[in-house]
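What follows is a set of notes on a single structure, which appears directly below.
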Amino acid sequence: MERMEGTLNGKPVLVIGGGMAGMTAALEAAEAGCSVVLVEKSPFLGGRVARTHQYFPKLCPPLCGLEINFKRIKNNARITVLTQAQVTEISGTPGDYKATVRVSPRFVTDACTLCGACAEACPAERSDDFNYGLSKTRAAYLPHVMAFPARYAIDRAACKDGCTACRDACVYGAVNLDEKPETRTVEAAAVVAASGWAPYDAAKIDNLGFGRFANVVTNVLMERLAAPGGPTAGKILRPSDSKAPAAVAFVQCAGSREENHLPYCSAVCCSASLKQATYVRALYPEAKISMFYIDIRTPGRLEDFYQKAAADTGVALIKGKVAKVEEDPATKDLLVTAEDVQSGRKVTERVSLLVLATGIVPQTDGLPKGFNLDEFGFVANVEGKAGLYGAGCVRRPEEVSATVQDATGAALKALQCVVRSAHHG
Amino acid sequence: MDKKIGVYLCSGCGIGDALDMEKLAKVARSEYKVPSCQVHPYLCGAEGLALIRKDMEEQGVNALVIGACSPRVKTEAFAFDAKMVFDRVNLREHVAWCHKPKDEDTQMLAEDYLRMGIVKAQKAEPLEPVAEEVSKTILVVGGGVAGITAALESAAAGYEVVLVEKQAQLGGFVASLRQGYPQAPPYVGLTPEGMAEKIQEVLYHPKIKVYTSARIKETSGQPGMFDVTLEAGGTDVKTRVGAIVMATGWKPYDPSKLAHLGYGLSPDVITNVEFERMAAEGPVKRPSDGRPAESVLFIQCAGSRDKDHLPYCSSVCCMATLKQAALIHERNADAKVFVVYKDMRTPGQYERFYRQVQDHPLTFMTKGEVQAVEAGPKGGLKVSVNNTLLGEEVAIAADLVVLAAGMVPNAADGEAIRALEDAKIKAVKGDTENQRAEAAKKAEELKAHEGTEILNLTYRQGPDLPALRYGFPDSHFVCFPYETRRTAIYATGCVRAPMDASHAREDAAGAAMKAIQSVELASVGQAVHPRAGDMSFPSFALQRCTQCKRCTEECPFGTLDEDEKGTPKPNPYRCRRCGICMGACPERIISFKNYSVDMIATMIKAVEVPPEEDEKPRVLVFMCENDAYPALDIAGLNRVQYDPNVRVIPLRCLGSMNIVWIADALSGGVDGVMLVGCKYGDDYQCHFVRGSELANRRLENVKETLQRLQLESERIEVHQLAINEYGKLPGMIDSFMDKIREMGPNPYKGF
């Protein structure tokens, strides 16, 4: 395929965050002619979706769309990708911003060929954050099999003192252990904040047992357990004994729609849990599923997905809030007590794995000053205020297609600033 | 300009350890006598790249074959002139990393891949993009909230806009609302929608030309050059536009179908839309006698989430009802408001407003199922509800019942309209009585589509976007929600999916962006998503066309029109460059400069088929380059071994597979053929919508070929593979090879 070159007059668009929203904003702007600087804090693009096994409602792999997007980036000379980078400050006015970008060393240059000799030679291990710490990689590592940029990285914090095994092993001279952090200034006509979300810290929800009981996991972790590249090679085994679960319960609104935790609805967890129920049922047709919910929220055509999942006789949907979770110390099974509000009865279920549908928390910690935040911490776009835009889950909890839609709109807002800056500048 | 091929082989990353590089280079030098062939230990490094550039400058090399890693990596390093003949031979992920080093079979594999790469370069021609004068004007169809936003946002980016609205006034439904629910921080209280200002802005915008009381009579042409005839105020207006945003909105679900919820029983049962009209005009009252409504009961999902009515959720009705509850209390704090729902759906920050309304002491909400709406005492209504949270059936008296009726898209199903037309013709002109009767029956089934046209495209495949489900021309792709099957035509707002005004505004900005992008790409002769930037396009050797119409029917994007005889009329700007037409053509007359039936057939011929006694079977694997091919790369990255007797040929889409290749391969002694494409069916993953499905369908015809050749049908296998099933792919290949060995060699070997 051909590389897109040549750009519109005017300054570039700066996109903060290389997940689905950020990648989309960058690509859509670039394919309309803008030059773009895409800044991502981790060593790879793809964010949360790269860690997701399948999308609802199609049960298709996110890696498929990521492959297309990576290809679009590779073929587009208008996009500059900076990984392990953070925008620390923005100054200026719409059409004429200056951003300070701090780039941390990867210790592997673009001379890397992916041959893997560094990881083979590496004597140290690190916890694999891609798998939420459920597995380990070498300190010289490829973030995941489809990582883009397709380059190894070195986690210096995990290295043994004075070790240069990776550098010695690399015949291409791609390892540079002396790399230093650097600070760059990027000019931009507009900035799109697409820094995404983090799962709510489930340990803050006392009664649900996360962090205390081994077999209480979160929905994001469940995605890794189901993924072929995950810590259980896609088998969904429970953490305490690596056994297949006989019964799995989902606790909806784990933290969401609660004044003491997240007062808003995280919007995607209902569909996500229904989807994860299908993961379990496909792998273990005997496994029983129960899902405790307040309201099932599957808007639009997602209703079809809900009806299909609910039609499965192995899936019980119980309207009620979970009051208590206990662990059977002998089996490490969990006893989940809830009130079934429709029958008015108190129910206690024994399950082998409990999945908390933890909510979406906007990731605004790393954002430079200048963006408006709402009372929940989401970036709020203000009508008529140009230049700085939020897109995707940093702006509102939303599913992938809504994120892409939002980011495409944000790309247009940015394009307008580029066009205006070209006229004035 | 004569083609001068240079072959550059990398021996790095273990390639040199696995292969005899000199022997490999000999294939290029001796067999094909390429003008330049060089081996370098680190081809993607500065020195290696300099070597290539030097040959280009000094030797005049103008066609490159790079034998190194997968084309999916080091793309930037090997990015030369985008128009030149260029091929990457995957010696690393598909050879060195997944097959036994220094092995005869591994070497043969590499040599075959190199042969295929060289003949491909021999057959390919440099690209000459078609860049014609294009219009960059955006046509927006529909002047409601989505259309107005699309128009203003496009204009703000500097583009001319033509806005067409069928009503006399702009603004659509949202303009008729007295107040909206809060869609921005702090997410409490009622807020105006602000449509009046936006309408003024559109009307006075120098870049926006507005036609009201207007409709589209005809849209012909292609992206960048759509010729649109509008009928506005009784006269025809012709205009040329580059892209189209379809924002035709929604209509309320027909309430006459809601008799089971009391509609029609009493004037005091109204829909949510009727409630808005009442609230905009004055106090909330009982239509029957004009007395104030002291108690109002809302029935949620009236028609929505109901398999007998609208199976989908209309998404906005929960928030709309909460707003209407707030409106009631704003005017009459003592009114009782009841809401009977299935699930309250107030996603994201909207939860805040839900709490606010719910906290009003006279708002009563319950999950429940409405059993009956009946006349109650004193002219009121009685609503019976069971399965409530109170556990028992309850009867609630209300002055007014509001049905939260759902949204139906104002769309037209282009494919269905075309099918209706075809059926109507066939009902008269069919060959047999039976055919005529069948066609008449079909025409009757499709009657509802009669006269529903909106865009009136002159496309062979129908006058409007094809519907996906429930009448929505929505994209099926999670990652690419703006993907439509008609290039440069984007649906937005409630015609695409049920959504509220706030989401419609965002959606419209996104659709405007896609429209802008499509005209910008058209202006330089490049394809849009998913092959954005592709400068190749199909050409048709029409003198050999037999008017079989396969290409015009199978193109998922309606690219090709037809003349009266059925000869295809290409529209390169509508084309997405998938090559499905090329795969469909039995006469092999469709080709791209860098992708053709002849090219792949030559690649197949370039594979050396060892004689039977060597016991080296040969199997061809046609793979979708978007999903299956990367999956095989990952198998290589994970150093998973599989049978080296396969030869992989990547295709733009499995749908571009022409069955002549299979016949060629089998008659040339290849022992088996495997096809690996994307999943198809309702949840298809094919980036070109129907490619993998069409390829599968074409295989039916191959069976005849096999019979003719007296070969076992098991020599061909077709698989659906998702990209994350990379762990399965080597096993799939190995078990097919086992089957082939069991069947024994193809008897045509050596012929």
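Of the residues making up the range B:454-477, those that are over 15 Å from B:Gly510 (Cβ atoms) and within 14 Å of chain A (Cβ to nearest Cβ) are B:Ala467, B:Leu468, B:Arg469, B:Tyr470, B:Gly471, B:Phe472, B:Pro473, B:His476. Of everything listed in (1) surrounded by 21 or more Cβ atoms within 10 Å (Cβ to Cβ); (2) assigned to a helix (DSSP H, G or I); (3) modelled with pLDDT of 95 or more, the single unmet condition for B:Leu666 is (3). Every test in (1) touching a helix residue (DSSP H, G or I) at 6+ places or on another chain (Cβ under 6 Å); (2) within 14 Å of chain B (Cβ to nearest Cβ) is passed by A:Ala124 save one, and that test is (2). Among the residues examined, B:Ala427 qualifies as touching a helix residue (DSSP H, G or I) at 6+ places or on another chain (Cβ under 7 Å) and away from every other protein chain (no Cβ under 14 Å).
What is the residue count in the range A:303-320 for residues that are out of contact with any Cys (no Cβ under 7 Å at 6 or more places or on another chain) and not in a loop (DSSP other than H, G, I, E, B)?
Matching residues across the range A:303-320 total 12.
Does B:Ala437 satisfy the criteria of being modelled with pLDDT of 95 or more, hydrophobic (A, V, I, L, M, F, W, C) and surrounded by fewer than 20 Cβ atoms within 10 Å (Cβ to Cβ)? Judged against the criteria, B:Ala437 is a match.
Of all the listed residues (A:Glu223, A:Glu179), the sole one being under 28 Å from A:Gly390 (Cβ atoms), at pLDDT 95 or above and of a type in the set (D, E, K, R) is A:Glu223. Checked against (1) surrounded by 22 or more Cβ atoms within 10 Å (Cβ to Cβ); (2) among the small types (Gly, Ala, Ser); (3) more than 11 Å from chain A (Cβ to nearest Cβ); (4) over 30 Å from A:Ala117 (Cβ atoms), B:Ser154 passes all but condition (3).
If you filter the range B:382-410 down to residues that are within 14 Å of chain A (Cβ to nearest Cβ) and not in a strand (DSSP E or B), you find that the one that is surrounded by the fewest Cβ atoms within 10 Å (Cβ to Cβ) is B:Glu392. Take the conditions within 14 Å of another protein chain (Cβ to nearest Cβ), assigned to a strand (DSSP E or B) and within 19 Å of the chain's Cα centre (by Cα) and apply them to A:Cys253. Does it pass? Judged against the criteria, A:Cys253 is a match. Can you find a residue in the range B:574-595 that is over 20 Å from B:Arg550 (Cα atoms), outside any loop (DSSP other than H, G, I, E, B) and either touching a residue at least 60 places away in the same chain (Cβ under 8 Å) or touching a helix residue (DSSP H, G or I) at 6+ places or on another chain (Cβ under 7 Å) (or both)? Checking the range B:574-595: not a single residue is over 20 Å from B:Arg550 (Cα atoms), outside any loop (DSSP other than H, G, I, E, B) and either touching a residue at least 60 places away in the same chain (Cβ under 8 Å) or touching a helix residue (DSSP H, G or I) at 6+ places or on another chain (Cβ under 7 Å) (or both).
Are any of the residues in the range A:403-414 part of a helix (DSSP H, G or I) and farther than 26 Å from A:Tyr264 by Cβ?
Yes, because at least one residue in the range A:403-414 is part of a helix (DSSP H, G or I) and farther than 26 Å from A:Tyr264 by Cβ.
I'm checking my understanding of the structure. Among residues of the range A:278-298 that are buried (at least 24 other Cβ atoms within 10 Å of the Cβ) and not charged (D, E, K, R), which one is nearest to B:Pro481 (Cα to Cα)? Step by step, filter the range A:278-298, then rank; the result is A:Thr298. Might you check whether a residue that is more than 14 Å from chain A (Cβ to nearest Cβ) and modelled with pLDDT under 95 occurs anywhere in the range B:334-356? The answer is no; no qualifying residue exists.
Taking the criterion of being surrounded by fewer than 22 Cβ atoms within 10 Å (Cβ to Cβ), more than 14 Å from chain A (Cβ to nearest Cβ) and more than 23 Å from B:Glu58 (Cβ to Cβ), the only residue of the range B:1-20 that qualifies is B:Asp20. When the range B:674-732 is filtered for residues that are of a type in the set (Lys, Arg), surrounded by fewer than 18 Cβ atoms within 10 Å (Cβ to Cβ) and more than 13 Å from chain A (Cβ to nearest Cβ), the ones remaining, listed by number, are B:Arg697, B:Lys703, B:Arg708.
List the helices (runs of 4 or more DSSP H) that sit entirely inside the range B:89-207 and contain at least 2 residues that are within 26 Å of B:Cys44 (Cβ to Cβ) and either in contact with a Leu (Cβ under 6 Å, 6 or more places away or on another chain) or of a type outside the set (Phe, Trp, Tyr) (or both).
Output list reads B:104-123.
The values are calculated or read from the model by the stated rules, or taken from the named source; none is laboratory data. What you are looking at is a predicted structure, and each value in this text was computed from that prediction instead of being measured. Don't worry about glycine lacking a Cβ; one is built from the backbone with ideal geometry, like all the others, and counts go over all protein chains shown.
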